[in-house]
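The values are calculated or read from the model by the stated rules, or taken from the named source; none is laboratory data. Computed from a predicted model, the values in this text were never measured in an experiment. Virtual Cβ from ideal backbone geometry, glycine too; neighbours counted across all protein chains shown.
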Ligand SMILES: [Zn+2]
Ligand SMILES: [Zn+2]
């Protein structure tokens with residue numbers, strides 16, 4: 001009996017420990033909150049942010065000046081689904097179903113296509129949830145596993161994983177601080193934030209912090225390749241926005257724009273800081289993939305590609321790498337970088353100097369083929385789902 005009690009007690013304690021570790025992850029909560037904020041903002045773009053109770057009542061004002069097919073529709077059975085329906089109709093459809101639209105505006109057009117296709121296939125306009133979950137669209141409606149409605153929804157679920165939730169451009173799933181979402185390169189980079197040393201302190205996004213207020217600094221979360229994921233800065237007085245783990249701590253991710261340069265500007269006075277590690281960041285080189293001067297410690301801060309040497313090291317391929325292999329490797333990465341919109345996004349943001357001698361290794365024909373192949377790939381997925 002005592003043994004059983006001990007086991008049960010042990011289990012309870014383990015659960016408490018695991019749970020507290022999970023909820024104490026400050027990034028997850030922060031990201032989750034920011035994400036919900038964005039969804040709220042997306043909804044607000046159609047009018048204003050609403051609580052569920054007041055939704056129907058207040059939506060009357062939202063719709064007042066908008067032009068859309070179902071403006072005067074008050075009953076789901078009369079709701080019209082045709083080629084003219086827009087985001088307001090989508091919102092109205094959610095209203096009439098008594099639910100909120102829990103997706104961001106980048107996914108509106110795709111969701112409108114989804115409901116059109118569902119309707120053509122006999123869907124009854126009933127939906128219990130429209131939301132984003134694990135970086136893909138969730139659309140809950142009545143259907144049987146494997147039937148037409150199921151297959152259409154599943155196909156759009158896959159499709160959503162390639163559409164930026166913010167702007168609707170081609171995107172991919174991003175894993176950031178334990179939170180997954182879909183973003184194009186531009187919006188992904190905007191989310192990463194920027195850090196820059198200046199004068200007696202530094203900028204972190206829109207906020208300025210002075211060095212004299214920094215109580216302590218240290219690196220945390222060493223990864224498999226012996227690189228730290230975060231620099232943690234602790235302040236005496238400054239209050240950091242959106243931090244769950246005490247408002248006096250700032251977590252700067254290694255993916256933050258300007259991170260490498262920032263490390264080289266840290267004062268040399270923090271006892272807890274691994275200055276040996278920082279020496280790895282002293283030399284900044286041009287990247288062969290994206291062409292920007294952003295290569296620190298074997299990885300490009302801009303395109304997030306490892307250098308050729310780093311790549312060989314990680315795969316224990318020191319002896320195999322020759323020039324021809326390298327050429328193909330870099331070319332492949334350049335194609336990928338171009339496909340995901342990196343060059344367009346960076347040229348706009350100008351975060352790093354560009355190598356004047358940078359050369360693109362692929363031809364017009366090759367990039368065309370590469371993009372076509374990607375699209376074909378998408379259609380093949382769809383066919384698989386339909387079979
Ligand atoms: Zn975007
Ligand atoms: Zn690069």
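Rundown of residues vs (1) in a strand (DSSP E or B); (2) touching a residue at least 12 places away in the same chain (Cβ under 8 Å); (3) closer than 28 Å to residue 276 by Cα; (4) assigned by TED's automatic domain parsing to the domain that holds residue 301, yes/no style:
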{"site": "159", "(1), (2), (3), (4)": "no, yes, no, no"}
{"site": "167", "(1), (2), (3), (4)": "no, yes, no, no"}
{"site": "191", "(1), (2), (3), (4)": "no, yes, no, yes"}
{"site": "195", "(1), (2), (3), (4)": "yes, yes, yes, yes"}
{"site": "217", "(1), (2), (3), (4)": "yes, yes, yes, yes"}
{"site": "220", "(1), (2), (3), (4)": "yes, yes, yes, yes"}
{"site": "224", "(1), (2), (3), (4)": "no, no, yes, yes"}
{"site": "232", "(1), (2), (3), (4)": "yes, yes, yes, yes"}
{"site": "238", "(1), (2), (3), (4)": "no, yes, yes, yes"}
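Is it the case that segment 181-191 has a residue that's more than 16 Å from ligand 1 (Cβ to nearest atom) and either modelled with pLDDT under 90 or over 13 Å from the mean Cα position of the chain (by Cα) (or both)? Scanning segment 181-191 turns up no residue that is more than 16 Å from ligand 1 (Cβ to nearest atom) and either modelled with pLDDT under 90 or over 13 Å from the mean Cα position of the chain (by Cα) (or both). Of 264, 316, 280, all but one fail to be over 25 Å from the mean Cα position of the chain (by Cα), at positive phi and away from ligand 2 (no atom under 11 Å from the Cβ); the exception is 316.
Let's see how each residue does on (1) over 21 Å from residue 261 (Cβ atoms); (2) buried (at least 20 other Cβ atoms within 10 Å of the Cβ):
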position	(1), (2)
163	yes, yes
178	yes, no
199	no, no
203	no, no
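Of all the listed residues (273, 263), the sole one being closer than 19 Å to residue 202 by Cα and touching a helix residue (DSSP H, G or I) at 6+ places or on another chain (Cβ under 8 Å) is 263.
Confirm whether residue 254 is within 16 Å of ligand 1 (Cβ to nearest atom) and not assigned by TED's automatic domain parsing to the domain that holds residue 163. Spelling it out, it is not the case that residue 254 is within 16 Å of ligand 1 (Cβ to nearest atom) and not assigned by TED's automatic domain parsing to the domain that holds residue 163. Screening residue 348 with (1) in a helix (DSSP H, G or I); (2) in the same structural domain as residue 290 (by TED's automatic domain parsing); (3) without any contact (Cβ under 8 Å) to a residue 40 or more places away in the chain; (4) loosely packed, with under 15 Cβ neighbours inside 10 Å gives one miss only, at (3).
Tell me the helices (runs of 4 or more DSSP H) entirely within segment 263-340 that contain at least 2 residues that are buried (at least 20 other Cβ atoms within 10 Å of the Cβ) and at pLDDT 95 or above.
Numbers: elements: 275-278, 308-314, 323-339.
Here the list reads 323-339.
Selection over segment 91-125 of residues that are closer than 26 Å to residue 188 by Cα and in a loop (DSSP other than H, G, I, E, B) gives a count of 3.
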